[in-house]
Ligand SMILES: [Zn+2]
């Protein structure tokens, strides 16, 4: 994606983070594809994507923190782009870390938009920190849920599986 191409060394970290997808930019991606995004107070799900009479809708639970809404939007955009031919309803909890292929693919899609590997590496490069600090740092810097950050750092092999298990069992954030 050319938005993420290396802009040379002139860019400060702040400028670089501005190329990462924001909530508004994600909404615009849905709109470009004629998917209506609705922020609503949902009883349970973090996000629901479905088609009704040939129209697609994406509901995002507005009760959750903005970083959770943003992650969920990225995940649902992944479902729409990768899977809309194979299903017409996707329901997702706060951090859908299921290992089913479609869920993994949607998470990976969200991570590539919201936590580009090149920027993650650059930020971690500047610190020699332990696993837990890495996760907190990435979550805070990119404004994504802790468990999403932990999952992606594990996928990139940047934290140990023991640290990831710790996050799964001991730390859950909405
Ligand atoms: Zn999903």
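Here, each number is a calculation from the coordinates, and none is a lab measurement. The structure presented is a predicted model; accordingly, all values stated were derived computationally and were not measured. Cβ coordinates were reconstructed from backbone atoms using ideal geometry, including for glycine residues, and neighbour counts include every protein chain displayed.
Shape class of segment 13-93 from the Cα gyration tensor (axes a ≥ b ≥ c, square roots of the eigenvalues): oblate, since a/c reaches 1.5 or more and a/b does not exceed b/c. Highest-first packing order for the peptide set 64-72, 116-124 is 64-72, 116-124, based on the mean count of other beta carbon atoms within 10 Å. Under 14 Å from a label point set 7 Å out along the Cα-to-Cβ vector of residue 52, the amide N atoms of segment 60-87 belong to 60. The protection proxy used here, the mean number of other Cβ atoms lying within 10 Å of each residue, ranks peptides 105-114, 133-142, 23-32, 84-93 as follows, highest first: 105-114, 133-142, 23-32, 84-93. What's the Kirkwood radius of segment 11-170 in Å, using all Cα pairs? Across segment 11-170, the inverse of the average 1/r is 16.1 Å.
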